1. Working only within the stretch 175-189, note down all residues that are in contact (Cβ under 8 Å) with a residue 40 or more places away in the chain and under 18 Å from the mean Cα position of the chain (by Cα).
2. Hey, can you tell me all the residues within the stretch 304-316 that are touching a Lys or Arg at 6+ places or on another chain (Cβ under 6 Å) and modelled with pLDDT of 95 or more?
3. Out of VAL284, VAL309, report the one residue that is in a loop (DSSP other than H, G, I, E, B), within 16 Å of the ligand (Cβ to nearest atom) and within 22 Å of LEU236 (Cβ to Cβ).
4. Which of the residues spanning the stretch 1-43 are farther than 19 Å from SER188 by Cα, of a type outside the set (S, T, N, Q) and either open to solvent by less than 70 Å² (accessible area, probe 1.4 Å) or modelled with pLDDT of 95 or more (or both)?
5. Among the residues of the stretch 172-185, write down those that are open to solvent by less than 50 Å² (accessible area, probe 1.4 Å) and touching an Asp or Glu at 6+ places or on another chain (Cβ under 8 Å).
6. Looking at the stretch 211-226, which of its residues are assigned to a helix (DSSP H, G or I) and more than 21 Å from PHE260 (Cβ to Cβ)?
7. Among the candidates ASP166, ASP142, ASP128, ASP151, single out the residue that is modelled with pLDDT of 95 or more and buried (at least 24 other Cβ atoms within 10 Å of the Cβ).
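The values are calculated or read from the model by the stated rules, or taken from the named source; none is laboratory data. In this text the structure is predicted, and so the values were computed from the model without any measurement. All Cβ positions, glycine included, derive from the backbone under ideal geometry; neighbour counts span all protein chains shown. SASA here: full protein model, heavy atoms, side chains in, ligands and nucleic acids out. Shrake-Rupley method; radii C 1.70, N 1.55, O 1.52, S 1.80 Å.
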Amino acid sequence: LQRRIHPPIDNFDVFKEGKAQNFFESQEAVIALCTYFQELLKNIKDLDEKQLQEELFKLLQVSLWGNKCDLSFSAGEDSSQKSSPLQSLESLIPYILVNDTEKLWSLLVNAKKRNTEKSNVRFDIILDNAGFELVSDLVLADFLLSSKLADEVHFHGKSIPWYVSDTTKHDFNWTVKQLQSANHMWMSRCGINWEGNLKKGVWVYHDHMFWTLPHDFSSMAEVAPDLYADLQKSNLLLFKGDLNYRKLTGDRKWEYTVPFHQALNKFHPAPLCSLRTLKSDTVVGLKPGQGEQIQASEPEWMVSGKYGVVQFDAAL
Ligand SMILES: O=P(O)(O)OC[C@@]1(O)O[C@H](CO)[C@@H](O)[C@@H]1O
């Protein structure tokens, strides 16, 4: 229906209220994250490589678990982030079934070393939900620039309201504005910096109709060659969320041990990584017996949102 009334009438978004509510109900978590991040920025220049890596891993995990906050998953009920997103990271590590964060780090560090003045390191985030998840993605993006691991970050949102809480251009700009005008010093500092990044053009927001069409990503080169060509300019594509994972892997009932590379079915515009909590019954790249073992004690493991993957593929 949303596609049929495109462009939306007066920017009407039936999910707008729910998305705003998720943001406001996650307020304390947003404050905790912004405060942590602004403190980190104070001495980011003095961090050695190991410390930078640790901080990147933390913020990647915050962004991963931020994917639990999804209104389609909670059937419209409260899906906000209540506790500090940083506190529980350590205890959640066993729930990351595939953890390729080291590979991600190597890629970013090597891209930086090869970087010359002429070739910027570009990082792309294919966004998922607005609300707390989006804030966690923006903090990650800010870290990449502030640590100089990347020179520009491109965000890809939805051109029409989609899958309940998915981020549109309006949600993106609204979120930056909310932070900017917040009463909390560190929240507003984040918002001001982010507005500045957009103005300077080191953050770029894009949307493309392809993201709301029913195609697997393996057909992108054919169906949306312009988008595919744009993604080829990136050093690393970060795909957020469950639905993007389903589209990456063709939403098939794969054996758990099938390599991620194979399930991508020749979709390789650039090195890519999926940050996703499991909410649907598709998962690949597990170790032999890993899925079966969890299944035996937790029949709902693939759809509960309790488990996650940070799954990387570099082959071109
Ligand atoms: O992509 P997200 O936001 O992580 O998850 C979206 C999603 O949970 O919504 C559907 C349920 O309505 C799932 O099948 C689907 O994957």
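1. THR175
2. First, pick out the residues of the stretch 304-316 that are touching a Lys or Arg at 6+ places or on another chain (Cβ under 6 Å): 305, 309, 312.
Scanning the stretch 304-316 gives VAL309, PHE312.
3. On the way: VAL309 fails: in a loop (DSSP other than H, G, I, E, B).
Answer to the selection: VAL284.
4. ILE5, PRO8, ASP13, PHE15, GLY18, LYS19
5. VAL176
6. Kept after step one, since they are assigned to a helix (DSSP H, G or I), are these residues of the stretch 211-226: 211-212, 217-223, 225-226.
Listed by number, the residues that qualify are THR212, GLU222, VAL223, PRO225, ASP226.
7. Numbers: ASP166 fails: modelled with pLDDT of 95 or more; ASP142 fails: buried (at least 24 other Cβ atoms within 10 Å of the Cβ); ASP151 fails: buried (at least 24 other Cβ atoms within 10 Å of the Cβ).
Sole residue among the options that is modelled with pLDDT of 95 or more and buried (at least 24 other Cβ atoms within 10 Å of the Cβ): ASP128.
Every residue, every condition in (1) without any contact (Cβ under 8 Å) to a residue 40 or more places away in the chain; (2) within 16 Å of the ligand (Cβ to nearest atom); (3) surrounded by fewer than 14 Cβ atoms within 10 Å (Cβ to Cβ), yes or no:
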residue: TRP194; (1), (2), (3): no, no, no
residue: LYS200; (1), (2), (3): yes, no, yes
residue: HIS206; (1), (2), (3): no, no, no
residue: ASP216; (1), (2), (3): no, yes, no
residue: SER219; (1), (2), (3): yes, no, no
residue: ASP226; (1), (2), (3): yes, no, yes
residue: LEU231; (1), (2), (3): no, no, no
residue: ASN235; (1), (2), (3): no, no, no
residue: LEU243; (1), (2), (3): no, yes, no
